[in-house]
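The values are calculated or read from the model by the stated rules, or taken from the named source; none is laboratory data. From a predicted model like this one, the values you see are computed outputs, not experimental measurements. For neighbour counting, all protein chains shown are included, and Cβ atoms are generated from backbone atoms with ideal geometry for every residue, glycine included. Accessible surface is based on the protein model in full, side chains and every heavy atom, while ligands, DNA and RNA are left aside. Shrake-Rupley method; radii C 1.70, N 1.55, O 1.52, S 1.80 Å.
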Amino acid sequence: MYSPKKYLCLLAMLLTVITASAVRSCPTAKMQVERLPDMNIPRSGHQAFMLDGVLYVIGGHTSGFVPTSTAEYFEDGEWHVLNMVYSHDHGLCLPLRSGKVLIAGGHQQPLGIGQTYTLELFDPATRTFDGYGCLDKKRFFPSVAELANGKVIISGNSYHPDGIECFDGTRQNKFVKDVSQYRSLPYIFPVADDNALIFGCNDEHQKLSPDTVKVDQLNGDTLHIPLFDEWFPLSDLWPHPCTNSYIGDETHQYAYLLAVVNKKSGQVAFACIEGTDIQLLPTTDSIPMQCEHGPIEWQSSVIADRQAHRAYMMGRDNRFHLYVLAVDYDKQPAPLTFYYSELQDSLPNYTPVLTPEGDLLLAGGITDNNFMPFATLFRFRLGQHDEPVSAITEVKSWQLVVILAFVATLIIMAVILIRLRHRHRQHEEELAPASPHPVQQDETAPLPEEETAEIADFIENETLLSSISQLMEVQKVYLNSELKVADVAQALNVSSRAVSDCIKAANGQSFTQFVNAYRIEHAKRLLHANTDMKVSAAALQSGFATEMSFFRSFKSLVGMTPREWVEQQGQIT
């Protein structure tokens, strides 16, 4: 056991090591963001891609969560509207090797209700749509990939049975095989001329189910991937065609990048897929999970720029600032660069599109409200991959928060240790007989067992509280209106009593009060970002089971009703 003096010396050493580590962490750079002309129609749930330098957006839904049977293309600085045969909101879209574009599925009704069988082909040469055929299963939230043999594989569904089907140019898709588990927007990666891997962790109800990730093959049995015992694929309910993540070449013909999340810590990392082998990609730094505005939620699939041997992933914080992470994947270990901007709050979020120049375009999308999609178009200029990026020479704000939190914990532990030792000495002096020759205390003597246990309990409690907070802030489990303390305990592999006691000791709150505080902050962000949003809708989208519980909790925590708070925000702005 260290003496207080030695403990403080160790604290100083740890602080030096942590600070030095932060200085060496992921380099950052400011990206240039340019707002281009708005689309004619606000939309989300659409598909976006580039052909011959022209940006196309297909389908989706517009204001009021109403599907639109229109498409648009951006050429010579202007948007042009095209009429489609059907509406495809949260359907599939894939440019084919033939030059045509396959479009299918989507919601049958407004508000994201129902599925459709509809399938059509778009001809970019004539910019016309042809109602071509029918899916084997009606679907929304499907995924699609084209194999080298020309067959198109489709899988994934929501609130309806799933399965694998094939489009081969005829007007009726053919059923291929059942899947081992139903999935919404699964990943489909071709790994041979006639085979593909199909997996994901969003079930048919769009809920995250990371515990068991089964990997289906188009041809072959279900695979067990050892990496998925500890990591799970990033949950992404935006379109993620496999062509976005393709990094193959003549040597590694079937290679892709995939974002994965650690099941225990929530840390995001990159994985490399080569055939049926999936392994973590070694990187120079860990992917940043915090910024000065709070936790970063990485959301988009990986988008690879094969010409630059660089790939990108987009994320956002609680105030809807957007960030881009770049990885130079052809280097070992692969360097990372964290890009930020100083744009206003509440930017929309969606799958970006890579331009021939290596920039990213973001067309439309939402914050957290499908009823109010955006018509905006942003260009994110990230610079060339060979341009020097300055490494961090001082601790950034988000790093400083992490460092200070860690150091504060160490200081508290040191103070507790010193006070306990001082109390122990006083106790010994009270019991010891008076002596004209006092004996000097041995600073290296170990603490009594009960005091050592007290310190151990303190450290364990702080560690558990950090894990609980990360579960709330990264995975946002509070959005589940049926969340129970047992659910959190099971996720962290501890007892329900340990979770409740930890929260009570740290915040003086019950588990319900603790979770509702996160829900109220989420509702405040929704109401701030969407001024026309009803308070009742914000309550339900924030994880409250009833409006009454929301109003009661909001008034108790904030000191005013939700409507009073909204009115106050309007006065402040």
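Going by average Cβ density within 10 Å per residue, which order do the peptides 72-82, 224-234 take, highest to lowest?
Highest mean packing first, the order is 224-234, 72-82.
Using alpha carbon centroids, what distance separates segment 153-219 and segment 30-65, in Å?
27
Cα-based Rg (one decimal) and Dmax (whole number) for segment 320-363, in Å?
12.6, 36
Go through segment 101-149 and name the trypsin sites (Lys or Arg not before Pro) that are in a DSSP coil and have 15 or fewer other Cβ atoms within 10 Å of their Cβ.
ARG127
Whole-Hz ³J(HN,Hα) for each residue in segment 95-108, computed from phi via Karplus 6.51 cos²θ - 1.76 cosθ + 1.60 with θ = phi - 60°, x for glycine and proline: what do you get?
Result, rounded to whole Hz: x, 9, 5, 5, x, 7, 10, 8, 9, 7, x, x, 6, 7.
Sort THR243, THR337 by accessible area with a 1.4 Å probe, largest first.
Order by accessible area, largest first: THR243, THR337.
Got a sec to turn the phi values of segment 518-526 into Karplus ³J(HN,Hα) couplings, 6.51 cos²θ - 1.76 cosθ + 1.60 with θ = phi - 60°, whole Hz, x for Gly and Pro?
Once θ is set to phi - 60°, the couplings for segment 518-526 become 5, 5, 5, 5, 5, 5, 5, 5, 4 Hz.
So who's got an amide H within less than 5 Å of the one on CYS291, skipping anything under 5 residues away but keeping other chains? H placed 1.01 Å off N, in plane.
ILE296
Just subtract the alpha-carbon distance of ASN461 and GLN332 from 0.36 nm times their residue separation and send over the number in nm, one decimal.
42.6 nm
Once phi is turned into θ = phi - 60°, what whole-Hz ³J(HN,Hα) does the Karplus curve with 6.51, -1.76 and 1.60 give for every residue of segment 282-290, x standing for Gly and Pro?
Per residue, the Karplus-derived 3J(HN,Hα) values read x, 10, 5, 9, 7, 5, x, 10, 9 Hz.
For segment 223-336, what is the accessible area per residue in Å², given a 1.4 Å probe and the full set of protein chains?
Ligands and nucleic acids excluded, the result is 38 Å² per residue.
Considering only Cα-Cα distances, which of the following residue pairs are longer than 32 Å: LYS264/LYS534; LYS207/LYS504; LYS263/LYS331; LYS174/LYS484; LYS476/LYS504?
As for pairs spanning more than 32 Å Cα to Cα, those are LYS264/LYS534; LYS174/LYS484.
What is the percent carbon and sulfur in the accessible area of segment 161-222, measuring with a 1.4 Å probe over the protein chains and ignoring ligands?
46
For the pair HIS205 and SER495, how long in nm is the line joining their label points, each one 7 Å along Cα→Cβ?
The modelled label-to-label distance comes out at 3.0 nm.
Using a simple spin-label model with points 7 Å from Cα along the Cα→Cβ vector, what separation in nm is obtained for ASP178 and HIS224?
About 2.2 nm, to one decimal.
Quick one: what does P(r) look like for segment 69-124 with 10 Å bins over all Cα pairs, in whole %?
Per 10 Å bin, starting at zero, the Cα-Cα P(r) for segment 69-124 comes out as 23, 46, 27, 4 percent.
In whole Å, how far is the Cα centre of segment 77-113 from that of segment 543-573?
Value for the Cα centre distance between the two parts: 39 Å.
Quote the FRET efficiency, to the nearest 0.05, computed for GLU342 versus THR170 with a Förster distance R0 of 56 Å and r equal to the Cβ-Cβ distance.
Result of the calculation: an efficiency of 0.60.
May I ask for the distance between the Cα centers of segment 474-498 and segment 302-358, given as a whole number of Å?
Here the answer is 31 Å between Cα centres.
Name the shape class, rounded, prolate or oblate, that the alpha-carbon gyration tensor gives for segment 50-184, where a ≥ b ≥ c are the square roots of its eigenvalues, rounded holds for a/c under 1.5, and otherwise prolate holds if a/b is larger than b/c and oblate otherwise.
oblate
Do any chymotrypsin sites (Phe, Trp or Tyr not before Pro) in segment 273-373 lie in a loop, going by DSSP, with at most 16 other beta-carbon atoms within 10 Å of their beta carbon, and if so which?
Taking segment 273-373 and a limit of 16 other Cβ atoms within 10 Å, no loop chymotrypsin sites (Phe, Trp or Tyr not before Pro) are found.
Given a Förster distance of 60 angstrom, what is the FRET efficiency for GLU274 paired with GLN568, based on the Cβ-Cβ distance and rounded to 0.05?
0.60
Tell me the Rg and the Dmax, in Å, that the Cα atoms of segment 151-215 produce.
12.1, 38
Calculate the FRET efficiency for MET548 and THR212 from the Cβ-Cβ distance with a Förster distance of 30 Å, rounded to the nearest 0.05.
0.25
Above 18 angstrom, tally the Cα pairs of segment 177-288 and express them as a % of all pairs, no decimals.
Counting every Cα pair in segment 177-288, those more than 18 Å apart make up 48 percent.
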